[in-house]
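The values are calculated or read from the model by the stated rules, or taken from the named source; none is laboratory data. All values derive from a computational prediction rather than experimental measurement. Neighbour counts run over all protein chains shown; Cβ positions are idealised from the backbone, glycine included. These accessible areas exclude ligands, DNA and RNA; they are computed on the full protein's heavy atoms, side chains included. Shrake-Rupley method; radii C 1.70, N 1.55, O 1.52, S 1.80 Å.
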Amino acid sequence: MHKGSKLLRFVKVFFCSVLLCAIFIILFAFGYIFNLKDWQAFNPQNITQPSQSLTVYDRSGEVVCDLHGTEDRMSISIKELPDYVINAFLAAEDARFFEHSGVDVVRIFGALWQDVKFGYIKEGASTITQQLVKQMFLKTDQTVSRKVQEALMAVKMENVYSKNQIMEMYLNFIYFGNGAYGIQAASKAYFGIDAKDLSLAQASILAGVLKSTTNYAPHLHPDKSLYRRDTVLNNMYAFGFITQEALTKAKAEPLVIVDNAKGQYPYGFYLDMVLGDAEDILGISSGDLLGGGYGIYTSLDQDMQATAQKLFEDPQYFPPNAADGTPVQSALVILDNKTGEILSVIGGREHTAQRILNRALSSRRQPGSSIKPLIVYAPAIENFGYTTTTCLLDEQESFDGFTPSNAGNTYHGWVTLRTALAHSYNLPAIKVLNAIGVQSGMDYCSRTGIPFSDDDEGLTLALGGLTSGVTPLELASAYTPFSNGGYRTVPSCIQKITDRKGNVVYQNVPKTYSVLSPETAYIMTSILETGATEGTSKKLYIEGLPIAAKTGTSSYNQSEYNKDSWIVSYTPEITVCCWMGFDSTDDNHVLSPRDTGGNYPALIAKAMYGHIYANRKPADFLIPSGVVPVVLDKIALEETNELLVADKNTPEDQTVTEYYKQGTQPTAVSGRFIVPMPPEDFHLEKSGGFPLLSFTAQNENAVYMICRTDIESGDTAVLAEVDGRDGFTAYTDKTCAPAKSYGYYIQARGKYAVSDGQYVHSDPSRIITYTQPSEITQ
C-alpha cells in the first residue's frame, strides 16, 4: 500500500477514535446526570435470580440429573470456587476487574491506541461488569448509545454491588455454549463435574469459551479450544496468577469431554412421574418448574431402576412380538413396603419421549387372580373366622347363572384354604366370596387403594373382573399391608422439594393407614410364601430368600388365550409388581395360553430379586405375637381333613406347620405316631379243646400282634395281627401241640410310628401260660 494511503488511513482512524472518545465522555456525562431509561427498569433480581435448572436427587441424596427449560442454568457461590477459577476469567476477560469502577478507562485508551496502531478496530474494552449488563439488559446492537448505556449501568451496578457479588452474578449468568448458562451448568455439560472441582486447565477452557462460543466451545472445536486455553493460561502466568510449573502442567492436561446426551434424562419413566407430581404439588407449570432452580429429592433407587431398564431391553424376558411386529408391552413397580416410597418404575418397553404413556401409573388392566388375596381371602380371614386349614370344596358349581371353571377344567375336591390360594383354584375363591359377601371384599380392597366403579359387583370380582381394572402401582401398593403388619402407606416418589436458595418448600409426610390386623397380614404372607415355593409363582422362587407372591392372568374373550398377565411379589422389604400384555388386545394381539403371570412376569421379578439380594439376605417375615404356629399331623390333614396336632413322635416329614390367630388353633392331638400301649383286658380260656385268646384293640393307629412263646425251646411266633380299628378280638390257637406248654401275650406296634427305619413296638402285655392237654377234649 502507498505510504500516503497509510498515513491518510492512520489520520482518519486517529481522529475518529478521538471523536468517539469525546462523544462517549459527553454522552456518559449526559446520561449520568439525567439517568437513562434502561437503568430505571433495572431489576437486580433478573441477575441475582435468573432462570435456573432443576436438579433431581435420588433417595441417597446423589444427583440424578439436571433438567432445564429454555436455559440450562445452575448457580454456585463464588466462595465454593478455587481462586484459580476466578483468576482464569480475570486473565481472559478483565484483568483490572478489582481496580476499576465498572468502566476501565485505562483499558479503553489502550484499546484505542491498538486500533490506531493497526489501522482498524481490533481491541474491545468491555469489563466483566459491562458484559454482565449487556447480556442482561441491553440489545446487542453496536450503537454509541448502547455503549454509553452499558458503561453507565456498569458504574451504577458497581455502586450497588460488591466486586465479589458482581463476579458471582457474572459467572452464574454468562452463556458458555452447549446450552449451558453459568459456570456450574457449563462444568457439568462439558466435564460432568461441579465447578468447585474444575482443574486449572478446565477452568481456562471455560474462560476461553467466552470469547466466542461458536469458535472455542470444546465439543465443537477441540483444537481451537485448546489453543484458546493456552492463551488464557499464558495470560494468567503473565499476570502472576500461576507459576511456571502450574502453566506447564495445565498445558499438558488432555481435553476430556463428557457425553451428556445419554445422561440428560437417564430414567425417563421415573423422571416423568417425578416432574408431574412436582408440578401438582407446587401448583406450577412445567416451564416454571424447570426454570425455577428447584431441587427435587426423590425415592429413586438408581441401581434398581438401571437394572429394571436393562431387563426391559432384553427380549428373553418377554413373549415374542405379534405377527405384525407389535411388541408385548409391560410395566414394573418396586415399592418400599414400610414407607410406600416408589423405588423404581418402568412404564413400557421403551421410553422414546418425555411424558409418554406410563403404563405403571396410567394403564388399568384386569388383575385376574392377583385380586384373590385382596377381595376374598384377606377379609375372610380377618372378619369371618377362616383359617389356613379351612377346608373348601373345589368342584364346579353355578351361582345364579354364573358357572365359573378352573384352569384346564381340573378340580381337586376338598382342599385347604392355603392350597386353594397358593395354586389359585377359582371355585374355592368364588365360594368364599359368596359366603362373606361381595361388599365385604370390596370394602377391604377400597381401604388398600383399589378403585371400583359403580358397575363393579358380583362374584366375577373374585377372578379380577373389574370394570376399569387396576394399575400396577395400585396393585403393588394394595399388597404392602401383608408385609408391613397390616399398614399401608400411600405411594410417593418425592421426599422433599427445595427452592433455588435451598429452602424446603415441600416435605412429604407419609400417609399411613391400618387396613388389616398384624395377625391376618402374616397369615396371608405365609400362604403366599407357599404360592412362591410350590404354587403358581414358583418360577420366581430363590432358595433361601423369604418371598411371597401371587400371579394373575385374565383370559381373552373366554378363550384359551390371555389378555393380561401379572405377578405381585414381596420380601419383608420391597414389593415388585409386573404386568404384561398388548396395549390393544384383539385376535392378532393376544398372549398365548402359556403366557401367564407365572411365566415371563415371574422371571422378571426373579431377575430383580436376584440382583437386589445378590450379596445379602433380608430378615425373615416377622411372626406377630398374636399368631400361633401349630405342628399338625400331615396325613390326617391331607387324607381326612382332620385338624390334629402332631405328637412328639411324629416324623418331621409327616408334619406340616400352620399358623393361626391366638384362640383359633386346633388342640386335639393326633395319636397316629404315639407308641401304642398293649391291651389291658387280655384273657385266655379254653374253648373246644384249644386256647381262646381275647382282648380289646383300643388304638386305631396300632396293629396288635398275638404272640406265642414255646416255653421249652424259647421260640416265639406271631400267630396273627389285628388292626386297631377292629375293636374286640377273639382268637383261637388251633396250632398248639399236645402236651406242650406256651406263653401267650399281646404286643402292639404303631402303623406310622417309626424309629431308625423300624416300626416302634410297645412292651408286651402280661404273659399267660397254657399247657395243651395230650388229648383234645370238648
**Message:** I need the full set of residues from the stretch 599-643 which are of a type in the set (Lys, Arg) and in contact with a Gly (Cβ under 8 Å, 6 or more places away or on another chain), in order please.
**Reply:** LYS617
**Request:** Please name all residue pairs, on different chains or six or more residues apart, with Cβ atoms under 7 Å, provided the first residue is in the stretch 631-654 and is more than 14 Å from ALA753 (Cβ to Cβ) and the second residue is aromatic (Phe, Trp, Tyr) and open to solvent by 60 Å² or more (accessible area, probe 1.4 Å).
**Result:** ASN641/TRP414
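Would you check which residues across the stretch 700-716 are open to solvent by 40 Å² or more (accessible area, probe 1.4 Å) and outside any loop (DSSP other than H, G, I, E, B) and list them? Full working, then the answer.
Our first condition is that a residue be open to solvent by 40 Å² or more (accessible area, probe 1.4 Å); within the stretch 700-716, this holds for 700, 711-716.
Selection gives THR716 alone.
Each row is one residue, and each column tells you yes or no for (1) among the hydroxyl-bearing types (Ser, Thr, Tyr); (2) touching a strand residue (DSSP E or B) at 6+ places or on another chain (Cβ under 6 Å).
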residue: THR214; (1), (2): yes, no
residue: LYS224; (1), (2): no, no
residue: LEU233; (1), (2): no, no
residue: MET236; (1), (2): no, no
residue: LYS251; (1), (2): no, no
residue: TYR265; (1), (2): yes, no
residue: ASP277; (1), (2): no, yes
residue: SER285; (1), (2): yes, no
residue: GLN305; (1), (2): no, yes
**Prompt:** Across the stretch 613-645, which residue is modelled with the highest pLDDT among those that are over 24 Å from SER483 (Cβ atoms) and open to solvent by less than 20 Å² (accessible area, probe 1.4 Å)?
**Reply:** LEU632
**Message:** Cβ contacts < 8 Å: first residue closer than 15 Å to LEU463 by Cα, restricted to the stretch 395-419; second residue open to solvent by 60 Å² or more (accessible area, probe 1.4 Å) and aromatic (Phe, Trp, Tyr), any location; separation 6+ or different chain. Result?
**Reply:** GLN396/TYR411
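Take the conditions touching a helix residue (DSSP H, G or I) at 6+ places or on another chain (Cβ under 7 Å) and farther than 27 Å from TRP579 by Cα and apply them to ILE612. Does it pass?
Numbers: touching a helix residue (DSSP H, G or I) at 6+ places or on another chain (Cβ under 7 Å): yes; farther than 27 Å from TRP579 by Cα: no.
Against the criterion (touching a helix residue (DSSP H, G or I) at 6+ places or on another chain (Cβ under 7 Å) and farther than 27 Å from TRP579 by Cα), ILE612 does not qualify.
Which of the helices (runs of 4 or more DSSP H) contained wholly in the stretch 196-257 include at least 1 residues that are surrounded by fewer than 21 Cβ atoms within 10 Å (Cβ to Cβ) and touching a Pro at 6+ places or on another chain (Cβ under 9 Å)?
Working: elements: 200-209, 213-216, 222-238, 244-252.
Correct list: 222-238.
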**Request:** Just give me the residues in the stretch 443-460 being part of a loop (DSSP other than H, G, I, E, B) and either in contact (Cβ under 8 Å) with a residue 24 or more places away in the chain or open to solvent by 70 Å² or more (accessible area, probe 1.4 Å) (or both), in sequence order.
**Result:** THR448, GLY449, ILE450, ASP454, ASP455, GLU457, GLY458
**Prompt:** Out of all the residues in the stretch 617-664, which are farther than 22 Å from THR571 by Cα, touching a strand residue (DSSP E or B) at 6+ places or on another chain (Cβ under 6 Å) and not aliphatic (A, V, I, L, M)?
**Reply:** LYS634, ASN641, ASP647, ASN649, THR655, GLN662
**Asked** Within the set of pairs 6+ apart or on separate chains, which have a first residue in the stretch 278-306 that is of a type in the set (Gly, Ala, Ser), a second that is assigned to a helix (DSSP H, G or I) and open to solvent by less than 50 Å² (accessible area, probe 1.4 Å), and C-beta atoms under 8 Å apart?
**Response** ALA278/LEU289; SER285/GLU279; SER286/LEU275; SER286/GLU279
**Item:** Residue among LEU220, LEU206, LEU210, LEU290 that alone is over 21 Å from the mean Cα position of the chain (by Cα), at pLDDT below 95, under 18 Å from ASP66 (Cβ atoms) and of a type in the set (A, V, I, L, M, F, W, C)
**Value:** LEU290
**Item:** Residue pairs meeting the criteria (Cβ under 7 Å; at least 6 apart or on separate chains; first more than 10 Å from GLU168 (Cβ to Cβ), in the stretch 73-94; second among the hydroxyl-bearing types (Ser, Thr, Tyr) and in a loop (DSSP other than H, G, I, E, B))
**Value:** ARG73/SER51; ARG73/SER53; MET74/SER53; ASP94/THR127
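Residue-by-condition table, conditions (1) open to solvent by less than 40 Å² (accessible area, probe 1.4 Å); (2) closer than 30 Å to GLU382 by Cα:
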| residue | (1), (2) |
| --- | --- |
| GLN662 | no, yes |
| ASP681 | no, no |
| LYS686 | no, no |
| PRO691 | yes, no |
| GLN698 | no, no |
| ASP723 | no, no |
| THR732 | no, no |
**Fill in**
Across the stretch 278-324, the tally of residues that are over 21 Å from ALA602 (Cβ atoms), open to solvent by 40 Å² or more (accessible area, probe 1.4 Å) and not in a loop (DSSP other than H, G, I, E, B) stands at 9
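Go through the stretch 177-187 residue by residue and tally those that are open to solvent by less than 40 Å² (accessible area, probe 1.4 Å) and either outside any loop (DSSP other than H, G, I, E, B) or modelled with pLDDT of 90 or more (or both).
Residues that pass the stated criteria total 6.
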